[in-house]
Structures are given as C-alpha cells and as structure tokens.
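A short write-up of the structure that comes next.
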Amino acid sequence: METSAHDILIIGGGGAGLRAAIEIAEQNPGINVAMVSKVYPMRSHTVSAEGGAAGVAGADDSLDEHCFDTIAGSDWLADQDAVELFVNEVPKELLRLEHWGCPWSREPDGRIAVRPFGGMKKMRTWFASDKTGFHMLHTLFQTSLQFGTITRYDETFATRLLVEDGAVRGAVAIELRTGRIRAIEAKAVIIATGGCGRVFPFTTNANICTGDGMALAYQAGAPLKDMEMVQYHPTGLPFTGILITEAARAEGGWLLNKDGYRFLQDYDLGKPTPTPVFKSMELGPRDRVSQAIFGEFEKGRAFKGPYGDYVHLDLRHLGEHKIETRLPMVRELCLKYENIDPVKEPIPIRPVQHYMMGGVHTDINAATPLKGLYAAGEAACVSINGANRLGSNSLGELLVYGARAGRNAVAYVQSLRGDGSRNAVLAQASDEERRLEHDYLHKTGGTERIAKLREEMQHTMETGCGIYRERNTLIESGNKIRELKDRYRNVAIDDHSRTFNTQMTAALELSFMLDIAETIVHCALNREESRGAHQRRDFTKRDDVKYLAHSVVSANAEGPPRIDYRPVVITRWPPGERVYGR
C-alpha cells in the first residue's frame, strides 16, 4: 500500500473544498494541503448551480433583513449565530470572487446585478447569467492553481477516515485509474463532498452525489444533524431530474396546472407581508411551492406523463430576448433534454430532491465533535438552513464556511504537539486495504445486484421520506432499509479489474447511501411535527415546545441509529410566523 503525508487533507474538490484549500494556502504558505476528489475538480457538482448567490448589495437592503429571511425561511430551525456570521461574511466573499475574476452580471451603469429569489423579500442574489456555479467553480479552481502547496489526488475515492486516540489522522483512498490503494496521513481533515441526492430516484444531483463524506464522518464516530430535512426543488425535469433554476421564476415565469391556471394563488405560501417588494407567488419558499405542486397532483389537476405527474413552467410571455440573455442555460437544457423551446412552449416540471439541509454536525467554526475533523458546504450542517434552505444561500455558504473550515484547520494543526502513533494509523489503513481487496476486488459468489438494491432504496425513500411523511410508511421504510443493508452483504461483484472499476465504485457508494438513508428515515420518524421540508400528515403542526431542536444522529453498532436533540441557538429573532411577499 502506498502512503503519503500532508498537514491537512480535504476530501472533495468542489466549491467548499477549493475555498478551504485557498484559505489554508493564504493563511500559512508553509502548510502542506492535499485534496482528494472523486472527479476532476471542474466536474464537481458546484458547476451545475444556476441561479445565484445571495449577499446584501443594495442600499435598500440590510444584513438584518437577510438574517430574518433566512431564519424565517428555515422555519426557525437555523442557528441564529451561524446565520448572522454567514450574512455578515458572504458579501465580502462574493466581492473577493469578483477580484479573483468571477464575471458577475452587471447593470448598465456597471453595478453588480441582483435578482429576486424565493423566500427573500429583497433583491440580493448575485448571478452570472444562469451559470453562476460554473463561473464560481472556474474562478476558485484557477485561483487554487497559483499555490504550489496544494497537492491534488484527482479521480481518487476516499473509503475510510483514519482515527486514533479520538482524533482524525487521515484517510484511505483508491486511485480510480489504477486501483491503487493509498493511505493519506494528515493532522486534520476537511469533509467537503457535497450532498446525497442519489439516495432518491428523482434528484437534481449529479451521479457523484452519494453522501460519501457524510457517511465517512458518520462511520468514524462524528454525528450527523437534521438529516430528516430534505429539500425538494419545485422545478425539475420529470425524467432526468435536471434543475430548471429558480431564476426562471425570478425573471417572471409562471407555474400552471393542466387547465392553464396559476394554481399557487390557491395555496398558503406564508402570510403575505404588508408591502412586498416584488409580487410573485411563484417566488414562495421551495418547501411550500413543492407542496402546492404535489397538491395539484393529488387533486387530479396535473398532466400525466411516462415518469409521473407534472405541471408547466411557462416562460413564453418573457420573450426570446429576455430568455436568451438572462436564462440561456434554461433554454439549452430544454432543447437538449426535452426537445422543447421555452420561447414557444411551456416546460414540464415536477418537484425533485435537490438539497440536504442536514449533514455532518459542526459548530460555528466548521469543527465536528471529532478532533481534527471539519466539514463545509452541503456535506455539513452548521446550521444556517434549518428546515428549509432559501434559494441562493448555498453558494454563499460554501464560500463562508469553506474559508472558515480552512482557517480553523490551520489553527488546529499549528496547536498540535507531536505526531502521535503512526503505527496505529497505518494498521487501520492496512485493515481497510484488506477489506477492499476481500469484499470488492477479489469477491466472488454474491447474488445481489447493485442496481436492484439501489433502485429499491430509492423507491423506499421516495415513498416514505418524500414531500409528505407519516408514521406507518416511515416504519416500513426503516425496516426496508435495514433489509437492504443485510442483503448488501451478499452483493455481487463481477468486475475484478483495477482500472476504473466502476462496479466497485458503485458498490462502495451504495454502502454509503444505505447508511445515510437509514439516518434520514429514523430522524424523520422521530420528529413528530411538521416544519419546513419535513411534513408529517399525522402531525400537521409545528411544535416549538418539543421540536425547536436539532436532531443529532450517531451510528450504533448494535441496532438502529441513536438520535439525540440539541437546542436551536436563538439570538435576536424569537420563533414566529413565516411571512413572504405575494
């Protein structure tokens, strides 16, 4: 087994990981940092973000208003100290990206252009056409190239964290091109692997979003937080799940049922504010809009298609010039994947899984309870998103907390005295090498197919942990996931080659996803209320007496996961009604 040693190891090469790497290099050029990424960094899922990044920019806006919108949007489950830190830091981060070369869209007078986004009462979302994530990731990646202290392990898949004496000490990873197994020693590790959308059958997430980092931390002893909080985006293409950005509605798009009726006016999207700045019921919060579309499905007022029910997103009244200048990627996606032109035809859409508000439990410094382990981006839960993330907060979050993770990892590494026992760490790495060889590369005789297990898992999650949940289906889902985990032990591996063994990769990803799926189901079963994206048909009200608290789930070798609760941090905004412009 090959070994290498670095001061800090970052697992994940997207926006959060790159921002952390840059911060480390700027904080201390003497620190050696490594980045392990399952794909080439420019193929990380950050590249697919379309709409924009929220940060106070206009004279008519304020930091307090951004805080309140975020906290109310979270249905008061966000930690308010984390939100205040985020809101204060994000404009500086977006401006820093401007200095690094991010081509933000501009107003005619040269000022940064901003657009409205769902759940926000002011226009504060910075954007680069409708390819914001693409441009942000390019900017971060090209900036990272100037630092010679960053070593990249591209197309390398981390399979286990190494922990010795209660502190993380590195990871074991497989180089996908060669199949070589490597122990990467480190004094601190940052998890920045993104979300776990592929646990669900219809998702905007790329195929690489399989919850690897969440599962690595969970298996190593770090708890996960708020895993029941799963966001559905209202507008995904029915078959592929490809995202049609919220910017399409921000620019004036309408949601129509099969009768051509703007049905959102019939639903409670939140108590209207007395003087909304922009009036569009399509810009309600994502959880409420997704629930309203599901309501149209149940009432028989949706279109029927080969991949389920759907409604229409209509952009035709915007005109070709506006669509081509403000939403060019939306038009490109529709033409390529649906063979329709949104200038001339409405777009078929349905709610699809989009984002995890939950993730690896961290404090406001991006540190987990496991010494030396940090997390940032969608893989982490600090929490600024609570029970429902507002659109365009996530791109800012990965910048603010990616930088914070890097900064605090540097401080931690500089505070260490001595390197600990390498022998114990390398012994763990050897154990992991033997497991990978025996259970995957040389395995024979299994009868369970990866694709079949994955399909059953995804169906179980959609029916039990979708937009609406209830006790009986959640219990059934928990039992089914446990059955799938048992069956997984007999999974078949036919490909024993080492070069790009995608079957082995898929098997490892499935193992991670089953662990994550189990935490989602059990946390959803335990939370007997409806809050934000977590809607229980058998507990329809928000219960601040019992559940104004974060669920914290830990692995339990003897049975189902252990779930505890910790209070939400309230600073200046006591729980109240969710209010939005209509």
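The values are calculated or read from the model by the stated rules, or taken from the named source; none is laboratory data. Here the structure is a predicted model, which means the values were calculated and not measured. In this analysis, Cβ positions are derived from the backbone assuming ideal geometry, glycine residues included, and neighbour counts consider all displayed protein chains. The accessibility values were calculated without ligands, DNA or RNA, using every heavy atom of the protein model including side chains. Shrake-Rupley method; radii C 1.70, N 1.55, O 1.52, S 1.80 Å.
Collect the residues in segment 123-156 that are under 15 Å from S394 (Cα atoms), open to solvent by 10 Å² or more (accessible area, probe 1.4 Å) and assigned to a strand (DSSP E or B), keeping them in residue-number order.
Hit for segment 123-156 is W126, nothing else.
Could you list, in sequence order, all residues of segment 498-529 that are out of contact with any Leu (no Cβ under 6 Å at 6 or more places or on another chain) and under 20 Å from R182 (Cβ atoms)?
Selection gives R498, T499, N501, T502, M504, T505, A507, L508, E509, S511, F512.
Just give me the residues in segment 105-122 being open to solvent by less than 10 Å² (accessible area, probe 1.4 Å) and touching a strand residue (DSSP E or B) at 6+ places or on another chain (Cβ under 8 Å), in sequence order. Can you show your working first?
Going residue by residue through segment 105-122, those that are open to solvent by less than 10 Å² (accessible area, probe 1.4 Å) are 113, 115, 117-120.
If the condition is that a residue be open to solvent by less than 10 Å² (accessible area, probe 1.4 Å) and touching a strand residue (DSSP E or B) at 6+ places or on another chain (Cβ under 8 Å), then A113, R115, F117, G119, M120 are the ones that fit.
Just checking: which of the strands (runs of 3 or more DSSP E) contained wholly in segment 276-394 hold 1 or more residues that are open to solvent by 10 Å² or more (accessible area, probe 1.4 Å), over 16 Å from A250 (Cβ atoms) and without any contact (Cβ under 8 Å) to a residue 12 or more places away in the chain? Can you show your working first?
Values: elements: 303-305, 308-314, 347-356, 359-361, 373-375.
Fully inside segment 276-394 and qualifying: 303-305.
Evaluate the following for F512: is it assigned to a helix (DSSP H, G or I), aromatic (F, W, Y) and modelled with pLDDT of 95 or more? Lay out the reasoning, then the answer.
On the way: assigned to a helix (DSSP H, G or I): yes; aromatic (F, W, Y): yes; modelled with pLDDT of 95 or more: yes.
Yes: the conditions hold for F512.
Residue under question is R316, and the condition is that it be at pLDDT below 95 and at negative phi; does it hold? Steps first, please.
Details: at pLDDT below 95: no; at negative phi: yes.
No.
Do we find a residue being farther than 16 Å from I520 by Cβ and either open to solvent by 10 Å² or more (accessible area, probe 1.4 Å) or not in a loop (DSSP other than H, G, I, E, B) (or both) anywhere in segment 209-216? Show your work before the answer.
At the first step, the residues of segment 209-216 found to be farther than 16 Å from I520 by Cβ are 216.
Add one more test, that the residue is either open to solvent by 10 Å² or more (accessible area, probe 1.4 Å) or not in a loop (DSSP other than H, G, I, E, B) (or both), and what stays is 216.
Looking for residues that are farther than 16 Å from I520 by Cβ and either open to solvent by 10 Å² or more (accessible area, probe 1.4 Å) or not in a loop (DSSP other than H, G, I, E, B) (or both), one finds at least one in segment 209-216, hence yes.
Quick test for you: out of G118, G195, pick the one residue that is in contact with a Phe, Trp or Tyr (Cβ under 7 Å, 6 or more places away or on another chain), farther than 21 Å from Y412 by Cα and assigned to a loop (DSSP other than H, G, I, E, B).
Details: G118 fails: in contact with a Phe, Trp or Tyr (Cβ under 7 Å, 6 or more places away or on another chain).
Only one candidate qualifies: G195.
For segment 516-539, what are the residues that are closer than 20 Å to R389 by Cα and either of a type in the set (S, T, N, Q) or open to solvent by 70 Å² or more (accessible area, probe 1.4 Å) (or both)?
Listed by number, the residues that qualify are T519, S530, Q535.
How many residues does segment 295-308 contain that are at pLDDT 95 or above, of a type outside the set (K, R) and closer than 16 Å to P238 by Cβ?
Total satisfying the criteria: 4.
Scan segment 478-531 residue by residue and report those that are among the small types (G, A, S) and over 22 Å from the mean Cα position of the chain (by Cα).
Within segment 478-531, G478, A492, S497 qualify.
Please find, among Y337, Y355, the residue that is touching an Asp or Glu at 6+ places or on another chain (Cβ under 9 Å), among the aromatic types (F, W, Y) and closer than 30 Å to A292 by Cβ. Can you show your working first?
Values: Y337 fails: touching an Asp or Glu at 6+ places or on another chain (Cβ under 9 Å).
When all the criteria are applied, what remains is Y355.
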